[in-house]
Amino acid sequence: MQIQNLFVRDIFRPINGVVKADQLDDSSVWQELDEFVVTKELDQHFRRFFSQYCEAIDRKNDPDVSGRIGVWISGFFGSGKSHFIKVLSYLLSNRTHAHDGQSKKAVEFFESKIKDAMLFGDIQRSVASNADVILFNIDSKAGPRDGREAILSVFLRGLNETQGYSGDYPHIAHMERYLEGKGKLEKFHEEFRVASGSEWVKERDAYHFHRDDVITALTATLNLSAESAEKWIDGAESSFALTIENFCKWVKQYLDSKGPDHRLIFLVDEVGQFIGTDSHLMLNMQTITEELGTICGGRAWVVVTSQEDIDSVVGEMKQSRANDFSKIQGRFRTRLSLSSANVDEVIQARLLAKHDDVKDDLHSLFREKGDILKNQLTFTNCGMTLRSYKDGEDFVKAYPFAPYQFQLVQKIFEAIRKAGA
């Protein structure tokens, strides 16, 4: 038999080396869920996250719970933060995903992955509650004009897009929110269609070119004079006030409109790198998390990822900056630190899983050659402990590799990273 025929999964399939927050095509999502490996370490992280989340569901009006809505996920490059946060987003929204004629809800992928029935029960309970999930990489969503309000602008953009309002122009989204509050958004859409001959949703990002049509539609919808509508449209951008308090109020209005048990979860990738040494952005992030907890009563969550050691993000940090960073981390009660410790577990389960009918052959091969291998794979005076095969089971899982190779490749990458490559 050839080595390529030993494995359950095709070894020539394309595998996404880097998981990106905005890559949401069907085949990528299916592969990310299907091939996600719940290691011993991730099992603990799932346990912590979902126990906090279930507690927030059970203790709705407890002020202590509203202080626990921040989750800070840290880890080195390649520790799987983006994959973890993305899988969390799939679980919490629990949509049905389809691929190659199969369809499954996100939580169904985890029936075989989670061995503990209590933990799986917590996950099922969490995904049964209604939640909207807003997942984004903060750097790709922030615009050049956002400046010091960058984090707040990105959060608002996520909320506006979720509600079906304009993402690029917050003052236009504010108009849509106002019209919807009055029950007149549909009427505005109709009036705009009559005036311009095209759909508002398609043209709203180019509203400057349709100024007269917007004025006509607003005049008809709200019974305004043409001058008032004109004045509003020309001054809308400069008079729009974006504050953290306003943003949190809009989140609360949205949650209230969806019912008392509805939740909104912001999952933000690479916050640490985006914030860098800017203490104003740090304070922004801190305040958004605090205010959302207070105003929304534990129903709006913020989950962020950041590099493990702050030095690798921002170079050598002055002591005051380091204190600022630990202060903002303190606002996130649940802190999960991902390491690459179980990388061999992931490789064995995701890439090297074998067909049942070849395992016996490999076991007998180890019985025959195991002693020779153990003698050949003995390392002395090499400055670190390099593992050989523990037993036949270990041999079957790692074949055609040796356990020390997983460690060694990782050490090489770490050394390259430290050398600044």
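The values are calculated or read from the model by the stated rules, or taken from the named source; none is laboratory data. Because the structure is predicted, anything quoted here is derived from the model rather than measured. Virtual Cβ from ideal backbone geometry, glycine too; neighbours counted across all protein chains shown. What goes into the accessible areas is simple: the full protein's heavy atoms, side chains included, and nothing from ligands, DNA or RNA. Shrake-Rupley method; radii C 1.70, N 1.55, O 1.52, S 1.80 Å.
Observations, loosely collected:
- Residue in segment 264-276 that is free of Cβ contacts under 8 Å to residues at least 60 places away in the same chain, under 30 Å from Arg59 (Cα atoms) and of a type in the set (A, V, I, L, M, F, W, C) present: no
- Qualifying positions in segment 1-45 - polar (S, T, N, Q), in a helix (DSSP H, G or I) and closer than 29 Å to Asp116 by Cα: Ser27, Ser28, Gln31, Gln44
- For segment 11-27, a tally of residues being closer than 18 Å to Val346 by Cβ and open to solvent by less than 90 Å² (accessible area, probe 1.4 Å) returns 6.
- Residues satisfying the stated conditions in segment 35-63, i.e. of a type in the set (Asp, Glu) and either open to solvent by less than 60 Å² (accessible area, probe 1.4 Å) or touching a residue at least 60 places away in the same chain (Cβ under 8 Å) (or both): Glu35, Glu41, Asp43, Glu55, Asp62
- Filter pass, Ala131 being out of contact with any Cys (no Cβ under 8 Å at 6 or more places or on another chain), hydrophobic (A, V, I, L, M, F, W, C) and free of Cβ contacts under 8 Å to residues at least 12 places away in the same chain: no
- Spans of helices (runs of 4 or more DSSP H) in segment 331-421 with at least 1 residues over 23 Å from Ser82 (Cα atoms), of a type in the set (Asp, Glu) and open to solvent by less than 40 Å² (accessible area, probe 1.4 Å): 392-398
- Looking only at residues of segment 284-325 that are open to solvent by 60 Å² or more (accessible area, probe 1.4 Å) and of a type in the set (Ser, Thr, Tyr), we find that the one that is modelled with the highest pLDDT is Thr294.
- Taken over segment 28-52, the criterion of being in contact with a helix residue (DSSP H, G or I) (Cβ under 9 Å, 6 or more places away or on another chain) and of a type in the set (Lys, Arg) is satisfied by Lys40, Arg47.
- In a residue-by-residue description of segment 265-283, the property of being at pLDDT 85 or above, surrounded by fewer than 21 Cβ atoms within 10 Å (Cβ to Cβ) and part of a helix (DSSP H, G or I) applies to no position.
- Of all residues in segment 223-237, those being of a type in the set (D, E, K, R), open to solvent by less than 90 Å² (accessible area, probe 1.4 Å) and free of Cβ contacts under 8 Å to residues at least 60 places away in the same chain number 1.
- Taken residue by residue, segment 190-198 has no member that is under 25 Å from Phe247 (Cβ atoms), aliphatic (A, V, I, L, M), modelled with pLDDT of 90 or more and assigned to a helix (DSSP H, G or I).
- Beta carbons closer than 8 Å, at least 6 apart along the sequence or on distinct chains, never pair a first residue in segment 400-421 that is more than 21 Å from Arg350 (Cβ to Cβ) with a second that is part of a helix (DSSP H, G or I) and at pLDDT 85 or above.
- Residue match in segment 84-91 (condition: in contact with a Phe, Trp or Tyr (Cβ under 9 Å, 6 or more places away or on another chain) and either without any contact (Cβ under 8 Å) to a residue 60 or more places away in the chain or not in a helix (DSSP H, G or I) (or both)): yes
- The set of residues in segment 52-83 being assigned to a helix (DSSP H, G or I) and among the hydroxyl-bearing types (Ser, Thr, Tyr) consists of Tyr53, Ser66, Ser82.
- Here Glu190 clears all of (1) closer than 18 Å to Thr219 by Cα; (2) crowded, with 16+ Cβ neighbours inside 10 Å; (3) not basic (Lys, Arg) except the condition numbered (2).
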